[in-house]
1. Just wondering, is there one or more residues in the stretch 379-389 that are touching an Asp or Glu at 6+ places or on another chain (Cβ under 8 Å), open to solvent by 30 Å² or more (accessible area, probe 1.4 Å) and of a type in the set (Val, Ile, Thr)?
2. Tell me whether the stretch 131-146 contains one or more residues that are surrounded by fewer than 20 Cβ atoms within 10 Å (Cβ to Cβ), over 19 Å from SER258 (Cα atoms) and of a type in the set (A, V, I, L, M).
3. Does TYR367 fit the bill of being of a type in the set (Phe, Trp, Tyr), in a loop (DSSP other than H, G, I, E, B), touching a residue at least 24 places away in the same chain (Cβ under 8 Å) and over 19 Å from ASN37 (Cα atoms)?
4. Here is a check on your reading of the model: is ARG216 within 15 Å of ARG289 (Cα to Cα) and not β-branched (Val, Ile, Thr)?
5. Please determine, by comparing only the residues of the stretch 560-591 that are open to solvent by 70 Å² or more (accessible area, probe 1.4 Å) and either β-branched (Val, Ile, Thr) or not in a helix (DSSP H, G or I) (or both), which one is nearest to ALA491 (Cα to Cα).
6. Please count how many residues of the stretch 425-435 are open to solvent by less than 10 Å² (accessible area, probe 1.4 Å), out of contact with any helix residue (DSSP H, G or I) (no Cβ under 8 Å at 6 or more places or on another chain) and in a strand (DSSP E or B).
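The values are calculated or read from the model by the stated rules, or taken from the named source; none is laboratory data. Quantities reported herein were computed from a predicted structural model and do not represent experimental measurements. All Cβ positions, even for glycine, are placed from backbone atoms using ideal geometry, and neighbour counts span all protein chains on display. Note: accessible area is taken over every heavy atom of the protein model, side chains too, but ligands, DNA and RNA are not part of it. Shrake-Rupley method; radii C 1.70, N 1.55, O 1.52, S 1.80 Å.
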Amino acid sequence: MINSHKTVGVFVCGIGDEFKETLCRSINIAAKSFGFNVLIFSFIGRIGAKYDDYGRYEDRLLDIIPFDRLDGIIFENSNIFTNDMREKIYRRIRKCSCPVVVISEPCEDFYEVQFDNYRGITEMVGHFAKYHGFTRIGYMSGIEGHPDAVCRLSAFKAAMKENGLPEEGAGVFHGDFWYSKGGEAADFFIEKGLPQAIICANDYMAISLCTELENRGVRVPDDVCISGCDDTYEGKVFFPRITTIERNVSDAAFSAFSVIDNLLKGIPQERTVILPTKNHYGYSCGCSRESLRNEFIQRNGILSDTRTFRYHIYDTETAMLEMNRVSDIGQMAETFSKYCCNFGGFEKFFLFAYCDENGRASYENAYDSPTAQTIPAIWMDRYGTSVRPDGIFPVSDFLPCETGDDTACYYISHLHFGSHCFGYSTIKMVSVDPFNEFYNIWLMNIAVSLEALLHKNNIRQLMRELESESVHDKLTGMLNRRGFEKNAQTAFDAAREIPGEAAAIVIDMDRLKHVNDVYGHAEGDYAIRALGRIISGCCTENEIAGRTGGDEFYVFAPNYSAGKAECFQSRLTAGLDEFNRRENKPYVLSASCGIYLADISKHPFLEEFMKRGDEKMYAVKRERRLEAGEVR
């Protein structure tokens, strides 16, 4: 797919999260160690605690992933995925014949790499009960029913029982693995009678609980000890530093690749790999306190990160304003190239836009599902190591080929706005580090801009259609009087600048009233359309033709000659004869044609020039009537 190396697909959601960043970094390192390419299919999923709408449409990416060309799959199935999305990924990868390894939450259908969270919680309860001698220990759980929450709560109850304490401890509060339930949890435990310690199912909830307790005058760890889980960066720099349970993410990544490598080589492999956890006892449980110097160093680091974050916000704000101005995909590419400096160093960025078989791109025509073709809408390769496809290419190609044979890691994300599918982005970072959370903001910014560009293009198309309708005759499709005068005037003015002759050709259908009266207006319309096609077919020398009345047609012919006029008349006569012979109508389609050929510089006005052709046409018509013995 990319080069000669085998390729592993990784499904992960919310890379801006610290755990996911560390996991992606570790996956990149492990892949290089085992000699695999990696395609990390990055999903945004749930934004914050409430917003699921964007993640609702990310499943479209599953429709174009070349699953049959993946040699292995790793699925980090954490709670940031919407439940619907998680199930759709499960259903799709169950059909795959390659090895599949699931990290984080248990899943009996596949090979598993799991952390021994049960042991970590058990040891944490033992620490509070035995080392501190606490008997009143509360628990802040995660989302009810969530696999991680169920496992950790089960471990808490079992450990409490082993230590001769009530299973429910000093109370169990169900949080959401995020910051938003800290206030409710603080009130819950205060009302219960403040416990000596509260164990939280992750660091985010522990930080939130510490903050809310302090706001209520409860000091940590003086009045109550707090612990978390997952050993996050925020827990390390928070004061008091959170007592926590470390999960070695690097071990998880290497174990997952080891499982896939063994299976591909035919080496027997256990279905489940359990990785140990390690407890760190910090100041939030009163066990250790960082030196004052270390605390200052940490805070200086936070200040530096805050400054960097602020600059990234400025870049994002600027990019949002500039992206709102783009009027075509080229300007979007230029804007991205100029301002894409806040999500980490990258080597390549590609935006593949869905298109139809005619090359009409997704920002020109709305698609509610991926198409079979794409075009490279934005192409940024800073080292020129990928071959840009020409024109339209099948979505099954998925990625451009690498010119070298080093292992590669690409992050792939779906681009959509609501149900509108625009395509997918592909990015390759310079180092093993993944992009930061600002990349997802960029993707959503691009999606919004593509939606705006789609509307702009639709408006332009509508304006073109309205403009076309305003200058074209609905019956024949030729220019109408307005369209003829507009186009002929431009050509007339240009022709007067160059010495030479021009022709005013006026054609009028004969006996239209007779056709209408005898055969009906529908047949009369058919005859007019036929005459219009014949006249258009006669225009081979840049003539400008239009239907200017019911059965009257004008032709302006710049840079003309007597020979060209004679050829025009011959083509008209031949066209009429061919129609009458082929159609075998009960009437004869005929037309009177007057041609006025003159030095155009002697005629200052188009209207006056065309009037001379009109006079010629009526002279021909009178002569025909006299020949036919018709009464005038």
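1. Looking through the stretch 379-389, at least one residue is touching an Asp or Glu at 6+ places or on another chain (Cβ under 8 Å), open to solvent by 30 Å² or more (accessible area, probe 1.4 Å) and of a type in the set (Val, Ile, Thr).
2. yes
3. Criteria met by TYR367.
4. No; evaluated as a whole, the condition is false for this residue.
5. My answer is VAL588.
6. Looking only at that region, the number is 1.
Residue-wise test of (1) among the charged types (D, E, K, R); (2) in contact with a strand residue (DSSP E or B) (Cβ under 8 Å, 6 or more places away or on another chain).
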position: TYR526; (1), (2): no, no
position: ILE535; (1), (2): no, yes
position: GLU552; (1), (2): yes, yes
position: PRO558; (1), (2): no, yes
position: ALA562; (1), (2): no, yes
position: THR573; (1), (2): no, no
position: ARG581; (1), (2): yes, no
position: PRO586; (1), (2): no, no
position: ALA591; (1), (2): no, yes
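To keep it simple, each residue is scored yes or no on (1) surrounded by 14 or more Cβ atoms within 10 Å (Cβ to Cβ); (2) of a type outside the set (D, E, K, R); (3) part of a helix (DSSP H, G or I); (4) under 43 Å from the mean Cα position of the chain (by Cα).
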residue: LEU453; (1), (2), (3), (4): yes, yes, yes, yes
residue: ARG482; (1), (2), (3), (4): yes, no, yes, yes
residue: ALA494; (1), (2), (3), (4): no, yes, yes, no
residue: GLY524; (1), (2), (3), (4): yes, yes, yes, no
residue: ALA527; (1), (2), (3), (4): yes, yes, yes, no
